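The values are calculated or read from the model by the stated rules, or taken from the named source; none is laboratory data. Just so it is clear, the structure is predicted and the values come from calculations on it, not from any experiment. Quick reminder, even Gly has a Cβ in these numbers, built from the backbone with ideal geometry, and neighbours come from all protein chains shown.
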């Protein structure tokens, strides 16, 4: 008998969640040439996550 592969489900953005993972852009990523432009945007996203998520 062949085992079934695990089912992967991607929940909708409005569904309950247990956390948010935000990967910060840095010089070792493909964001490197755009860091000055994207850092304020990532900071705004992080502020909104912190403001809206329950601790």
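In the stretch 44-55, the residues that are at pLDDT 90 or above form Cβ pairs under 9 Å with partners that are in a loop (DSSP other than H, G, I, E, B), at six or more places apart or across chains, as follows: 45/22; 46/22; 46/24; 49/20; 49/22. Contact map, the stretch 3-30: residues that are under 16 Å from residue 48 (Cβ atoms) paired with residues that are surrounded by 10 or more Cβ atoms within 10 Å (Cβ to Cβ), Cβ distance under 7 Å, separation 6+ or inter-chain. Pairs shown: 20/49; 20/53; 22/45; 22/46; 22/49; 24/42.
For the stretch 23-55, taking the residues that are assigned to a loop (DSSP other than H, G, I, E, B) and exposed (fewer than 10 other Cβ atoms within 10 Å of the Cβ), the one that is nearest to the chain's Cα centre (by Cα) is identified as 23.
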